[in-house]
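Colleague: Below is the structure I would like to discuss, written out as structure tokens.
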Ligand code: KIV
Ligand code: ZN
């Protein structure tokens, strides 16, 4: 089926509206995330995840790399058929075979995007592609022109953009716009960049790329130096209006920028950034959990936003503060990200206030002298156990031996 960018068949999506001042969330969990060792998902798992991403409010779902395998083709085609409220995107190298396969996989999509990519950095031009600067431009232009006839919109990524000469990158992007790309992505493919450099590059591109006002600039950061989220946010501050990211930050090597962290940073610090997303943040935690179930890979306890400790407090000083005013040690409400409630974990760092509150919740109202004894026995027990559970507390309150309580 021939598609043109002038006649998209989607009335509902304003993803292609480049003028809309919001950050489009481009989720690549099912492509860049899934291609990392340990995170492969079969077709059924990808479909479940795609439904969750649609419900989350993701603007563009990169569903896979159709040329990679028959199963990936089938997964992208199935997602394109059933997901109606997100743009469905497939990745393709700048090769006719890849582009045609991706176009076929996306045929049933309500709104489709082909994402073509080609390396632009000197290192990649010489050692990976063996191409001159002008060959890279010609190859990218031919690919974009071919893809245009097969989908509603085309994204072009300059792989390793952050190690590319900025003047040359602007030249490549200008040619990509003239060829019909409407989203231009500057990936930090190897996670090498700093936030200041990122902001400088995006400011430069917006000024020097011909036709910049007609397209959406996109950022795609890897986490090799732990700066993927900071770099993505720096790009947004400098005018990027699409962020490519993944649930739980999964992705090649150290991963991609984490979707939940980007979304909550833009939300919690809304006055600072002045631009937001369409994500329903209350679905962040359930979506993160679904991914851990489908891949069998847990997130670390201390992972921002969705880790077990993100809204848990054990130390007495923090618990005391939280009991007086939750703002003392929390900058967002757990419910805002879909977590039922803050946890005051009782352990050896906990204090009397948190213990008394928990005992009251369990129905034990103790006077001060009884509380002194229970608190002393609680501390002795906490030195032996990582976490104290409700059964232990019940036993302590009733003067029983908690070890006998199991
Ligand atoms: O990291 C990268 O450069 C990529 C491209 C394919 C966008 O994943
Ligand atoms: Zn990547």
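The values are calculated or read from the model by the stated rules, or taken from the named source; none is laboratory data. Keep in mind it's a predicted model, so treat the numbers as computed, not measured. Glycine also receives a Cβ, built like all others from the backbone with ideal geometry; neighbour counts cover every protein chain displayed.
Colleague: Determine which member of the set 201, 225, 150, 184 is within 15 Å of ligand 1 (Cβ to nearest atom), assigned to a loop (DSSP other than H, G, I, E, B) and touching a residue at least 12 places away in the same chain (Cβ under 8 Å).
Modeller: On inspection, the qualifying residue turns out to be 225.
Colleague: Can you confirm whether segment 301-319 contains a residue that is closer than 20 Å to residue 28 by Cβ and surrounded by 20 or more Cβ atoms within 10 Å (Cβ to Cβ)?
Modeller: yes
Colleague: Just to verify a result, which residue in segment 236-259, among those that are without any contact (Cβ under 8 Å) to a residue 60 or more places away in the chain and either within 14 Å of ligand 2 (Cβ to nearest atom) or out of contact with any helix residue (DSSP H, G or I) (no Cβ under 9 Å at 6 or more places or on another chain) (or both), is farthest from residue 200 (Cα to Cα)?
Modeller: Once the filter is applied, the top-ranked residue is 249.
Colleague: Further question: All but one of (1) farther than 30 Å from residue 238 by Cβ; (2) more than 17 Å from the chain's Cα centre (by Cα); (3) at pLDDT 95 or above hold for residue 3; state the number of the condition that does not hold.
Modeller: (3)
Colleague: If a residue must be within 14 Å of ligand 2 (Cβ to nearest atom) and in a helix (DSSP H, G or I), how many such residues does segment 207-222 contain?
Modeller: The total comes to 0.
Yes/no per residue for (1) more than 24 Å from residue 287 (Cα to Cα); (2) under 33 Å from the mean Cα position of the chain (by Cα); (3) outside any loop (DSSP other than H, G, I, E, B):
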| position | (1), (2), (3) |
| --- | --- |
| 327 | yes, yes, yes |
| 330 | no, yes, no |
| 336 | no, yes, yes |
| 339 | no, yes, no |
| 355 | yes, no, yes |
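Colleague: Here are some residues: 156, 217. Which one is surrounded by 24 or more Cβ atoms within 10 Å (Cβ to Cβ) and either within 14 Å of ligand 1 (Cβ to nearest atom) or more than 27 Å from the chain's Cα centre (by Cα) (or both)?
Modeller: One residue alone meets the criteria, 156.
Colleague: Which of (1) part of a loop (DSSP other than H, G, I, E, B); (2) surrounded by 14 or more Cβ atoms within 10 Å (Cβ to Cβ) is the odd one out, the single condition residue 392 does not satisfy?
Modeller: (1)
Colleague: Going through segment 281-300 one residue at a time, which ones are surrounded by 14 or more Cβ atoms within 10 Å (Cβ to Cβ) and assigned to a loop (DSSP other than H, G, I, E, B)?
Modeller: Hit for segment 281-300 is 299, nothing else.
Colleague: For segment 247-265, state whether one or more residues are within 16 Å of ligand 1 (Cβ to nearest atom), surrounded by fewer than 17 Cβ atoms within 10 Å (Cβ to Cβ) and in a loop (DSSP other than H, G, I, E, B).
Modeller: yes
Colleague: Residue by residue through segment 188-198, note down the ones that are assigned to a loop (DSSP other than H, G, I, E, B) and away from ligand 1 (no atom under 14 Å from the Cβ).
Modeller: 194
Colleague: Hey, among the residues in segment 228-246 that are buried (at least 21 other Cβ atoms within 10 Å of the Cβ) and under 15 Å from residue 304 (Cβ atoms), which one's farthest from ligand 1 (Cβ to nearest atom)?
Modeller: This residue is 233.
Colleague: Hey, any hits in segment 372-388 for a residue that's out of contact with any helix residue (DSSP H, G or I) (no Cβ under 6 Å at 6 or more places or on another chain), touching a residue at least 40 places away in the same chain (Cβ under 8 Å), surrounded by fewer than 18 Cβ atoms within 10 Å (Cβ to Cβ) and more than 30 Å from residue 267 (Cβ to Cβ)?
Modeller: Yes, segment 372-388 contains at least one residue that is out of contact with any helix residue (DSSP H, G or I) (no Cβ under 6 Å at 6 or more places or on another chain), touching a residue at least 40 places away in the same chain (Cβ under 8 Å), surrounded by fewer than 18 Cβ atoms within 10 Å (Cβ to Cβ) and more than 30 Å from residue 267 (Cβ to Cβ).
Colleague: Right, next: Working only within segment 24-83, note down all residues that are at negative phi, crowded, with 24+ Cβ neighbours inside 10 Å, within 16 Å of ligand 2 (Cβ to nearest atom) and not in a helix (DSSP H, G or I).
Modeller: Of everything in segment 24-83, those that are at negative phi, crowded, with 24+ Cβ neighbours inside 10 Å, within 16 Å of ligand 2 (Cβ to nearest atom) and not in a helix (DSSP H, G or I) turn out to be 25, 26, 27, 28, 34, 60, 61, 62, 63, 65.
Colleague: Hey, another quick one. Please specify each residue of segment 84-93 satisfying the condition of being buried (at least 24 other Cβ atoms within 10 Å of the Cβ) and either within 16 Å of ligand 2 (Cβ to nearest atom) or in a helix (DSSP H, G or I) (or both).
Modeller: 89, 90, 91, 92
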